[in-house]
Amino acid sequence: MAESMKGLKRSHRCTEVSSADIGKEVTVMGWVQKRRNLGSLIFIDLRDRSGILQIVFDENDVKAEGFAKAETLRSEYVVAVLGKVVKREGAVNENLATGEIEVRATGLRILSESETPPFPIEENISTKEELRLKYRCLDLRRPDIQANMIMRSRVTALTREFLTREGFLEIETPMLTKSTPEGARDYLVPSRIHPGRFYALPQSPQLFKQMLMCAGYDRYLQIVKCFRDEDLRADRQPEFTQIDMELSFVDEDDVIDINERLLAFLFKEVLDVEVKLPIQRMTWQEAMERFGSDKPDLRFGMELKNITELVKGCGFGVFTGAIENGGSVRGINVKGQGGMPRKKIDALVDFAKGYGAKGLAYIAIQQDGSCKSSFAKFMTEQEITDIVKVMEGEAGDLLLFAADRNKIVWNVLGALRTTLAGQLDLFDENEYRFVWITEFPQFEWSDEEERFVAMHHPFTMPVEEDLDKLESDPGAVRAKAYDIVLNGNEIGGGSVRIHQADVQERMFRALGLTEEQANEKFGFLLDAFKYGVPPHAGLAYGLDRLIMVMAKKDNIRDVIAFPKVKDASCLLTNAPDVVDDVQLKELCVKIDI
């Protein structure tokens, strides 16, 4: 039978009890992890967010105060235990922080009973994620998930501490804003007071933080929810959290310096990992050429090799056709995999097709140095030999090639590289390799819209020496943009902003926006810029993704308390859901599906 606390006060969390407390009376509270009945002795493992503490009920100690009740305890009962800390009589449990001690109970109160949980409250369980998310309250009790939440809390607290010391002010920006559809889709909120009009939930506080710089606040910080109505992946959510910052009177190096010191501080304090500074920098072009990705994982090799010049006159039409259409031929060397079965190679071909490739060519170098190839019959023996040499192929290696437009070739080989590294266990999960990616393209061509769109956003400053190309060759313009990448994950990104009105106007024209369209979308920012705007720059981290990497998790949902699943729904609350017709009528919204 459940009881009230009746004035009881918890004296310690479970793992706050230590050998220094031997002989002391304590009151601990938590959930029953397990119970073992040995007749005259009953042992329970008591769990709270700090960990586990062993409680011993001895019929000679407890009697009416709790021994009989201890026999009724089941997993996940919530209890309060009074007792004395003693040295553990049995073997020390080195796997527990409290493994040298136990509490000899003198009293017990059952604060809440529990039904049998639908899955065990244990670390690293194999229960299907759908069931865990449906019963997320239980899932959040598991020690590994709690460790993630505690790490997340610590990172945010330390971030505030560090940036406050650096002169940042924490300022909130609005959640109900104006829709500025550049990039991902907005989540829209209908207005009851203004029928037929909509707010948008912010994709980022970008425009507001720039206005704060115009307002003279100099250094801004916010740990803020953002929203994007986009298709989900393992590292994305429709609502996510940013560590957002903006600084005035700075350039790219100033932003990078502060953030390198922030990262070094966080990793030392949270993980006791030393981050070597300065962090390596790499241009976007170099990253794509070497790794096929603007978020390269540097913990292993397998770099791309460009063999376009070598094969442009060969007899293999797949290669020459791609080159004639302005594309390239590139490959990776998968060391020691020359004996890979054909079935697995075919699976890699199918994988490549999923990234837009028409196929995948290969050379398997046998242990005797001979080659098996999917295209050898179209080439001379010397041409194959030359390719193997450029690819630094040795006996036992597998060479994989893609031929198409650069974007497709990079996407295919970049994805193949990281997938194979995972399958072949090529990297150390305890290693943290940072890299700054700089000089992104200012624009990228949208086949859907048949125009250039901003790769980051329309307020990113171009590299000064490329300004004369804004009108004549926008595809060649580089941006003063920078991403911070960790182990193949983009954990943050930012840019120097445009603060000159004439450059901003040219940027809008390059994006195909008329003056009227620009004012309609961004007029409130442009008006603020008329009254003195300082040079400014900023950066935002994806907090969820940063914690995911720090916690060595593969899924962002493991570091968010109440995440959505791939279709953007919540299995716990069944959101999104239908609403009453009365509410829709008040909002002047009609459903047409």
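The values are calculated or read from the model by the stated rules, or taken from the named source; none is laboratory data. None of these values were measured; they are calculated from a predicted model. Don't worry about glycine lacking a Cβ; one is built from the backbone with ideal geometry, like all the others, and counts go over all protein chains shown. With ligands, DNA and RNA removed, areas are computed over all heavy atoms of the protein, side chains included. Shrake-Rupley method; radii C 1.70, N 1.55, O 1.52, S 1.80 Å.
Details
- Placing a label point 7 Å from the Cα of residue 446 along the Cα-to-Cβ line, no residue of segment 462-496 has its backbone N under 12 Å from it.
- Segment residue 179-residue 561, length gained on full extension (0.36 nm per residue, minus Cα span): 134.7 nm
- Once backbone amide H atoms are built at 1.01 Å from N, residue 281 has 436 as its partners under 5 Å, excluding neighbours fewer than 5 places away on the same chain.
- A Cβ-based charge dipole, computed about the Cα centre of segment 28-121 with Lys and Arg at +1 and Asp and Glu at -1, lands at about 80 debye.
- Across segment 30-39, coupling constants 3J(HN,Hα) worked out from phi with the 6.51/-1.76/1.60 Karplus curve, θ = phi - 60°, read x, 10, 6, 6, 7, 10, 10, 9, 10, x Hz, and Gly and Pro carry x.
- Å² per residue, accessible surface of the chain at 1.4 Å: 50 Å²
- Distance from segment 500-574 to segment 78-138 (C-alpha centre basis), Å: 42 Å
- Relative contact order for the chain, counting Cα pairs under 8 Å that sit 6 or more residues apart, in percent: 13 percent
- Residues in segment 173-207 that a label on residue 590 would reach, taking backbone N under 14 Å of a point 7 Å out along Cα→Cβ: 196
- Note on the chain: with neighbouring protein chains present and a 1.4 Å probe, carbon and sulfur make up 49 percent of its accessible heavy-atom surface.
- Per-residue HN-Hα couplings for segment 272-278 [Karplus 6.51, -1.76, 1.60; θ = phi - 60°; Hz; x = Gly/Pro]: 6, 10, 7, 9, 6, 10, x
- Pairwise label distance in nanometres, residue 225 with residue 34, each label 7 Å out on the Cα-Cβ vector: 3.9 nm
- Prolate/oblate/rounded label for segment 406-516 (Cα gyration tensor, a/c 1.5): prolate
- Where Rh is the Kirkwood radius over Cα pairs, Rg/Rh for segment 424-473: 1.20
- Charge tally in the Cβ shell below 11 Å around residue 13, where Lys, Arg are +1 and Asp, Glu are -1, residue 13 excluded: +1
- Extending 7 Å from the Cα toward the beta-carbon at both residue 3 and residue 385 defines two label points whose distance is 9.0 nm.
- Accessible-area rank, largest first, for 456, 536: 456, 536, with all protein chains present and a 1.4 angstrom probe.
- Table column - 3J(HN,Hα) (Hz), segment 143-155, Karplus curve with 6.51, -1.76, 1.60, x for Gly and Pro: x, 5, 5, 4, 4, 5, 5, 5, 4, 4, 4, 5, 4
- Rg/Rh (Cα only; Kirkwood hydrodynamic radius) as it applies to segment 288-374: 0.96
- Gyration tensor (alpha-carbon) shape descriptor, segment 374-418, a/c threshold 1.5: oblate
- Pairwise FRET efficiency - residue 60 versus residue 579, Cβ, R0 = 41 Å, nearest 0.05: 0.10
- Cα→Cβ-extended label distance, 7 Å offset, between residue 135 and residue 273, nm: 3.3 nm
- Rounded to 0.05, the FRET efficiency of the residue 524 and residue 170 pair, given R0 = 22 Å and the Cβ-Cβ distance, is 0.45.
- Amide hydrogen neighbours beyond the local backbone of residue 478, cut-off 5 Å, H modeled: 442, 463
- Gyration tensor (alpha-carbon) shape descriptor, segment 180-244, a/c threshold 1.5: oblate
- Divide the volume of the convex hull around the Cα atoms of segment 1-127 by the residue count and you get 112 Å³ per residue.
- Close amide H contacts of residue 203 (hydrogens built in the peptide plane, cut-off under 5 Å, sequence separation of 5 or more or a different chain): 227.
- Helix-only arithmetic for the chain: the sum of -39500 (n - 2.57) across DSSP H runs with n ≥ 4, divided by the residue total, places the mean residue ellipticity at 222 nm at -8500 deg cm²/dmol.
- Which label in [x] 128, 54, 53; [y] 91, 64, 44; [z] 92, 73, 53 gives the computed Cα extents along the principal axes in Å: [z]
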